[in-house]
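No lab work stands behind these numbers, since they all come straight from the coordinates. Values in this document were obtained by computation on a predicted structure and should not be read as measured data. Positions of Cβ are backbone-derived with ideal geometry, glycine not excepted, and every protein chain shown enters the neighbour counts.
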């Protein structure tokens, strides 16, 4: 019997499938729908427009575990970090947005986007980005360590960008850290 090395078994699951597993680890599932009616009422009371793309995004992704952990394969297997856990942030909790929505990064998104945007929270690997969604449904991500605003068609595309340089350990996407 021939056994597979961890490196070989990684390629049985595509990067896209790994990203879906990471989302599932955070509590997401297909057809997920969270009741945000309380937040909608608060927006109405405060005169904040919660347009459809923002509403649909929050119904699907708000309330996920704000931080999930994974491992990745290091170029140097004997590295002291080879068995370390790394974090990915999904912080889409609408009740806690006031501070983020007033940040320099969100203001940079508004200046860049050329469309109405709604601040969603933060998301990303290691140093999360401020995340916003436009009326168009485009997602805008801005990290505090760079001037560039990144634009994505979906949360999965943003995750792909954040983790493109890492070879994730699939087994870690099922484990609790």
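Values as computed for the structure displayed
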| item | result |
| --- | --- |
| For segment 18-173, the Rg and Dmax computed from alpha carbons only, in angstrom | 16.2, 56 |
| Distance from segment 38-73 to segment 99-177 (C-alpha centre basis), Å | 13 Å |
| Calculated FRET value between residue 115 and residue 35, using beta carbons and R₀ = 22 Å, to 0.05 | 0.20 |
| Length gained when the stretch residue 174-residue 42 is fully extended (0.36 nm per residue, less Cα-Cα span) | 43.9 nm |
| Length-normalised contact order of segment 18-173 in % [C-alpha pairs under 8 Å, at least 6 apart] | 23 percent |
